[in-house]
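Data first, discussion second: the structure below is written as structure tokens.
Read the figures in this text as sums done on the coordinates, not as results from a lab. It should be emphasised that the depicted structure is a prediction, and the values quoted were computed from it without experimental measurement. Here the Cβ positions follow ideal geometry from the backbone for every residue, glycine too, while neighbour counts run over all protein chains shown.
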Ligand SMILES: Cc1cc2nc3c(=O)[nH]c(=O)nc-3n(C[C@H](O)[C@H](O)[C@H](O)COP(=O)(O)O)c2cc1C
């Protein structure tokens, strides 16, 4: 069986194409600053949304819904919602961590030329509950897959994306007239940028660093390390 797979599988990605995909994965960043004022035209945004729309989804449900937020008053209102949520979040930390948290830049809502609100339509019967009978949360997972597609496609277009989760979802839902049946999954800032940082901002700012991969991979049982990867370190 293994032999058959090896002999028949044709990889139609050239090594350059493969390298480009891995490069996009490696060099995607969460972008909260440095947006250029250049607006994003509709064909470009449509390309990004089409990338999102190619995502896998439970039962082929395609539960993603997008609101393109361009109205300046709405955008300002979302920023006010962020400020309140962020002030609440600051209160959860103490000492040096609080001081560091309050210095972090955790959104680019005012600077980004484009906002995008991403929702999950929990009420949709598309996909006929396949997979959702046992794991209803997979509708949300599907939307997250779509967001990642958009994020990677944006990277290849020189467009930075920043995910803002420091918000009060009911207030955002009320503001954007989102029905109760739709769940707010992400509020994104988008815009062309001159460059992408080499490391995540949170690593640069001393908040957190990238974990090593090997200890996260286990063999057969959760409590059993995958020895081969430990040796590869
Ligand atoms: C579900 C989710 C929510 C996030 N929310 C925020 C946020 O509210 N503010 C922020 O600055 N970054 C947010 N981020 C971005 C992360 O901070 C970022 O992905 C992480 O620090 C790694 O950096 P990188 O994306 O540049 O590799 C979020 C990312 C995800 C996946």
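Numerical summary
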| item | result |
| --- | --- |
| Kirkwood Rh and Cα Rg combined as Rg/Rh, the range 161-200 | 1.12 |
| Relative compactness, the range 106-165, computed as alpha-carbon Rg over 2.2 N^0.38 Å | 1.40 |
| Projected area averaged over orientations for the range 2-131, convex hull of C-alpha atoms, nm² | 14.1 |
| Per residue, the convex hull volume that the Cα atoms of the chain enclose (Å³) | 202 |
| Ranking of 134, 165 by count of other Cβ atoms within 10 Å, fewest first | 134, 165 |
| Calculated Rg and Dmax of the range 124-233 using C-alpha coordinates, Å | 18.9, 53 |
| Cα-based helix-to-principal-axis angle, 138-156 vs the chain, degrees rounded to 10 | 90 |
| Sorted by Cβ density within 10 Å, fewest first, the residues 79, 115 | 79, 115 |
| Ranked list, fewest to most other Cβ atoms within 10 Å of each Cβ, for 221, 187, 35, 226 | 221, 226, 35, 187 |
| Virtual spin-label span in nm between residue 77 and residue 110, 7 Å along Cα→Cβ | 2.0 |
| Global size of the range 54-187 as Cα Rg and Dmax, reported in angstrom | 16.5, 51 |
